[in-house]
Amino acid sequence: MAEKSKNRFYITTPIYYVNDIPHIGHAYTTIITDAICRYKKLTGNEVFFLTGTDEHGQKIEKRAEAKGIKPIELADQVVGRFKNLWKALNISYDYFIRTTQSSHEKGVQKIFQKLKDKGDIYKGVYEGYYCVSCENFISDDIPLEKEGNKICPDCGEQAGKVSEECYFFKLSAYQKPLLDHYKKNPHFIRPKSRMNEIKSFVEQGLKDLSITRTTVKWGIPVPDDPDHSIYVWFDALHNYLTGIGYDWNPELYNKFWPPDVHLIGKDILRFHAVFWPAFLMAGGFPLPGTVFGHGWWLKDKTKMSKSKGNVLDPHLILDTFGTDPLRYFLLREIPIGLDGNFSHEGFIHRVNSDLANDLGNLVQRTLTMIHKYFSGKIIEMDDENETDNKLKAEFITCKDKVTASYEEFAINKALEETWVYINLVNKYLADSEPWKLAKDESKKKRLARILFQAAAAIRTIAYFVYPVMPESADKIWALLGEEKSIPDQSFAELEFEDFKLGQKIQRTKPLFPRVELKDFLKEEEKKMDYLTFDEFKKMDLRVGEIIKAEKVEGTKKLIKMEVDIGGETRQMISGIADTYEADDLVGKKPIIIANLKPTIIRGIESQAMLLAAEMKDGSAIVPFFGDDVPTGSKVK
């Protein structure tokens, strides 16, 4: 393939697993990618931004079965949530790939067959430990726990022992080529600390990698051997090829491959910096320019995850503040490579201090004075003096620093430099005291010059923050009377003098209203799924007795039961067959929610629900009462 043009830029997020719910961590990765994408467009690049969802694997299979639905139905539900969040966050992606779409599945099968024919994929037997949560095989170096399992080093959950026939990829053959590539391309893995981590891992030796399963059916079938499903990482990683047109749109593929940046969380760095380039080397594909492993947003000093119950729903913040304050906070608070601990106090401080006080107040008071003293339009003014020239010179300094920071993906640094400039403009106004000059008619032209300089500076500030806060930046330009939008102005050609005399200034309200922490927490509490005591009392919890139980045909986990709830019998469907045999349940006394609205599961009406604890592996453990507790007793 021909070498890619230098003014074409291909950037990706990881594809997000549909067993999870979209939270701040997912939003962070995607907002970073969007900001880089918008900056690159300002610098004249033709950009392709890929995101999407990873929809195969054992977790999806099990979770869908527990819900009594097909895996694709579960995937469809969660994909909708991701797309809705990206719309709310003003994410400008070009293509959303799903690993269940036929173009992806065919592409993966084609690459699999190519590597198999080449001899880089072979059939064998895997014996070892497997983490369902991470869809990953566990290293032999990890010690055994007392229960006979291993603890996954990535997620902390138990990994059980498996033995099954599978296909292996000859990862061991790519140890030296990988190390050579790292040496020749020091920016392949960023930040530098992550490069050191990966080099150390590869130098210890690589073992061949199991890339198929026979016990997982929800996946892409191996060509000519459909008893095997292609393992999720070999499947998922190739989305970066199939999402850019491999095997279905050669023009798009040839235009943008290879990727310039894969932006990922540091927890999946090994898959992207070791397995993925090895797969590409085997397939003869040019390698990506950079794999950038960003840090995590923590809550209560631990990584956000659904299993830990500490995820933050971005919608709770978006509903109160809108899109740009959240985008700004996540990208300003920490450098991309480091971890950050999310706090409501820190978020409110950024909104009130940086956005409301510094930027918002600068825009409002400048535009308000132009309206008050010049009816919204400056027609004539004095020549620039030394102070005015200094403000213009500070713009040039800021532009250089902001450009350098964005080029290095140091978005927080670009914002820091912009706020240095914002503070200089605020100081320029404070020192010039235009409100005093307005009292002297003979100084009206000097007053006009000061407000004109401030408005010209605000225009450039809006441009600098556009990649991070596009909605607010566009709004500021419109308030300044600009007819074109920010993306129509190239970064290189941005000049202080672009703001012209006679532009009609619009009236404005505060761009970023201040919010008190206590008021925000009250609003957030309203949106949380808390139950009042009165609402809890509405739940009719009783001790039920199972009088009949049988497996639902065509399912692995569903059991149909008849339950006596105290003089009344209810039919109930529960996904507990992977833990309990149907015959063993008869006579047992679980806790039943008797007043739940009936629902249809696999064509069968379920008129109640039993309470159970969901374990880390997705199985259910049901608490039972003894025979001394009467059937139908109220549970409070």
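The values are calculated or read from the model by the stated rules, or taken from the named source; none is laboratory data. On a predicted model such as this, the values are computed, not experimentally measured, just so you know. Here Cβ is always computed from backbone atoms with ideal geometry, including for glycine, and neighbour counts include all displayed protein chains.
Evaluated against (1) in a strand (DSSP E or B); (2) over 15 Å from C166 (Cβ atoms), A278 falls short on exactly one condition, (1). Of the residues E333, E345, which is more than 20 Å from K266 (Cα to Cα) and modelled with pLDDT under 95? Among E333, E345, only E345 is more than 20 Å from K266 (Cα to Cα) and modelled with pLDDT under 95. Among the residues of region 586-595, is any modelled with pLDDT under 90, more than 34 Å from the chain's Cα centre (by Cα), not assigned by TED's automatic domain parsing to the domain that holds E157 and not in a loop (DSSP other than H, G, I, E, B)? No, that holds for no residue.
Residue-by-condition table, conditions (1) farther than 30 Å from F491 by Cβ; (2) in contact with a Pro (Cβ under 9 Å, 6 or more places away or on another chain); (3) of a type in the set (D, E, K, R); (4) without any contact (Cβ under 8 Å) to a residue 24 or more places away in the chain:
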| site | (1), (2), (3), (4) |
| --- | --- |
| E416 | no, no, yes, no |
| N423 | no, no, no, no |
| K427 | no, no, yes, yes |
| I458 | no, no, no, no |
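Any residue at all in region 231-239 that is exposed (fewer than 15 other Cβ atoms within 10 Å of the Cβ), in contact (Cβ under 8 Å) with a residue 12 or more places away in the chain and within 28 Å of K70 (Cα to Cα)? No; the residues of region 231-239 include none that is exposed (fewer than 15 other Cβ atoms within 10 Å of the Cβ), in contact (Cβ under 8 Å) with a residue 12 or more places away in the chain and within 28 Å of K70 (Cα to Cα).
Scanning region 616-636 finds no residues that are assigned to a strand (DSSP E or B), of a type outside the set (S, T, Y) and free of Cβ contacts under 8 Å to residues at least 12 places away in the same chain.
Give the number of residues within region 1-18 that are assigned to a loop (DSSP other than H, G, I, E, B) and more than 21 Å from A88 (Cα to Cα).
Initial filter on region 1-18 (assigned to a loop (DSSP other than H, G, I, E, B)): 1-7, 13-15, 18.
The next check asks that each one be more than 21 Å from A88 (Cα to Cα); those that pass are 1-7.
Count: 7.
Taken over region 596-613, the criterion of being touching a residue at least 60 places away in the same chain (Cβ under 8 Å) and either of a type outside the set (A, V, I, L, M) or not assigned by TED's automatic domain parsing to the domain that holds D578 (or both) is satisfied by R602 alone. Taken over region 317-333, the criterion of being within 16 Å of the chain's Cα centre (by Cα), of a type in the set (A, V, I, L, M, F, W, C) and over 15 Å from W86 (Cβ atoms) is satisfied by I317, F329, L331. Looking at F96, F82, can you tell me which residue is part of a helix (DSSP H, G or I), within 22 Å of L237 (Cα to Cα) and in the same structural domain as F168 (by TED's automatic domain parsing)? None of the other options fit; the residue is F82. For region 383-414, the set of residues classified as assigned to a helix (DSSP H, G or I), under 39 Å from the mean Cα position of the chain (by Cα) and either of a type in the set (F, W, Y) or over 22 Å from A492 (Cβ atoms) (or both) consists of F395, Y406, N412, listed by residue number.
Just one of the listed residues (Y39, Y28) is under 14 Å from the mean Cα position of the chain (by Cα) and either at pLDDT 90 or above or part of a helix (DSSP H, G or I) (or both), namely Y28.
May I ask you to list the residues in region 250-264 that are touching a Lys or Arg at 6+ places or on another chain (Cβ under 9 Å), farther than 10 Å from P288 by Cα and surrounded by fewer than 20 Cβ atoms within 10 Å (Cβ to Cβ)? Passing the criteria: N254, K255. The residue pairs whose first member lies in region 171-190 and is closer than 15 Å to F285 by Cβ and at pLDDT 95 or above, whose second member is buried (at least 16 other Cβ atoms within 10 Å of the Cβ) and of a type in the set (D, E), and whose beta carbons are closer than 9 Å, counting only pairs six or more residues apart or on different chains, are Y174/D120.
Scanning region 221-238 for residues that are over 13 Å from Q58 (Cα atoms) and part of a loop (DSSP other than H, G, I, E, B) returns P223, D224, H238.
Being assigned by TED's automatic domain parsing to the domain that holds V351, within 17 Å of T323 (Cβ to Cβ), surrounded by 22 or more Cβ atoms within 10 Å (Cβ to Cβ) and among the small types (G, A, S) narrows it down to one residue among A462, A457; which is it?
Result of the check over A462, A457: A462.
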